[in-house]
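Heads up, the thing below is written out as structure tokens.
The values are calculated or read from the model by the stated rules, or taken from the named source; none is laboratory data. What you see is a predicted model; the values in this text were computed from it and never measured. Ideal geometry is used to build each Cβ from the backbone, glycine not excepted, and the neighbour counts take in all protein chains shown. Calculation scope for accessible area: heavy atoms of the full protein, side chains included, ligands and nucleic acids excluded. Shrake-Rupley method; radii C 1.70, N 1.55, O 1.52, S 1.80 Å.
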Amino acid sequence: MSYDDLVEKIVRLKEERNAVILAHNYQRPEVQDIADFTGDSLGLSQEAAKTDADVIVFCGVLFMAETAAILSPEKTVLLPDPLAGCPMADMITAEQLRQRKREYPGSPAVCYVNSTAAVKAECDVCCTSSNAVKIVGSMPDDLPLLFVPDKYLGMYAASKTHKKLILWEGYCPTHMRITADDINALKREHPAAISLVHPECRPEVIAAADFALSTGAMLKKVRESSEREFIIGTEVGILHPLTKENPDKVFYPASDRAVCPNMKRITLEKVLWALERMEERITVPPEIRERAVRAVDRMLSMS
Ligand code: 13P
Ligand code: SF4
């Protein structure tokens, strides 16, 4: 099937099903191009909460589709590839978090939205990379906070808020591939470039860069900047919206190795199949959803 046929079929079926297509900034360019809304984790969950569509086709990874299902249990949420998971989200189970809570009685638990619904159900509040500093900063000071699963986002939030955080040993394997040497070498090659990295990067990478920002905040920063050259330290999919929105600016990816294989599992063909077969449906058991929604709603109301 030609690209045009594929897109035409997706558009037609989307209307028939009253569906909306949401795509994360790391998705393949052609998937981002057919989406009704593209954005970072926070923007996508805000969009999922307010859409009046009957069906949400989530072009992202499982925890994002689960968050949409938590927020909109009456809607059909489809993930075009059920194997598109997030390895970081799978680095902690609900039972492991319960055990940690027993070790630190009374400590509030903050979870990065890159976590399973069952882990969210154990937490007081969620955060994304765009609001982690604000949310951690607004938590009470009397007891240390439990922060799961991303130790690097936790370290970053702790450094900006001076809160005491008990970190979990989770990390993003894609952002781990970006090194401080990558940033420093590009800075030497392009001395006029501003360097933007994701807070999932290791502390030495963040220290080497000018700014640590979520993918949505990176797009905003570049859009509003009068600078011309940028070093980009995150998953390479972000280069598509950056170059599309800013054709006169130049971008240097910090590392060509920063590719999230899970994000890339979603293709246009799979989006079409998802709409044809109404699969893979992502649901969250009611007893987990009822508890997880409190942490997600609390984050949204603080954002
Ligand atoms: P953003 O919320 O910045 O889009 O990040 C999502 C993610 O999975 C980063 O690895
Ligand atoms: Fe998970 Fe990292 Fe992929 Fe984001 S980039 S979905 S954190 S593995």
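Overview of results
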| item | result |
| --- | --- |
| All positions within the range 87-105 that are away from ligand 2 (no atom under 16 Å from the Cβ) and either modelled with pLDDT under 95 or under 15 Å from LEU165 (Cβ atoms) (or both) | LEU97, ARG100, LYS101, GLU103, TYR104 |
| Wholly enclosed helices (runs of 4 or more DSSP H) of the range 172-265 bearing at least 2 residues in contact (Cβ under 8 Å) with a residue 40 or more places away in the chain and within 26 Å of ASP81 (Cα to Cα) | 173-176, 215-224, 239-245 |
| Residue check for ASP256: modelled with pLDDT of 95 or more, more than 16 Å from ligand 2 (Cβ to nearest atom) and open to solvent by 40 Å² or more (accessible area, probe 1.4 Å) | no |
| Failed criterion for ARG281 (all others in (1) open to solvent by 40 Å² or more (accessible area, probe 1.4 Å); (2) out of contact with any Leu (no Cβ under 9 Å at 6 or more places or on another chain); (3) touching a residue at least 12 places away in the same chain (Cβ under 8 Å) hold) | (2) |
| Criterion: within 16 Å of ligand 2 (Cβ to nearest atom) and of a type outside the set (Phe, Trp, Tyr) - qualifying residue of GLU204, GLU224, GLU235 | GLU235 |
| Test result for LYS270, surrounded by fewer than 23 Cβ atoms within 10 Å (Cβ to Cβ), within 13 Å of ligand 1 (Cβ to nearest atom), assigned to a helix (DSSP H, G or I) and at pLDDT 95 or above | no |
| Residue count, the range 143-157 (criterion: surrounded by fewer than 18 Cβ atoms within 10 Å (Cβ to Cβ) and touching a strand residue (DSSP E or B) at 6+ places or on another chain (Cβ under 8 Å)) | 2 |
| Test: residue in the range 93-103 that is closer than 30 Å to LYS14 by Cα and either in contact (Cβ under 8 Å) with a residue 60 or more places away in the chain or open to solvent by less than 10 Å² (accessible area, probe 1.4 Å) (or both) | no |
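Okay, residues lined up against (1) of a type in the set (A, V, I, L, M, F, W, C); (2) open to solvent by less than 30 Å² (accessible area, probe 1.4 Å); (3) touching a strand residue (DSSP E or B) at 6+ places or on another chain (Cβ under 9 Å):
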{"position": "MET88", "(1), (2), (3)": "yes, yes, yes"}
{"position": "ALA109", "(1), (2), (3)": "yes, yes, yes"}
{"position": "ASN114", "(1), (2), (3)": "no, yes, yes"}
{"position": "CYS123", "(1), (2), (3)": "yes, yes, yes"}
{"position": "VAL133", "(1), (2), (3)": "yes, no, yes"}
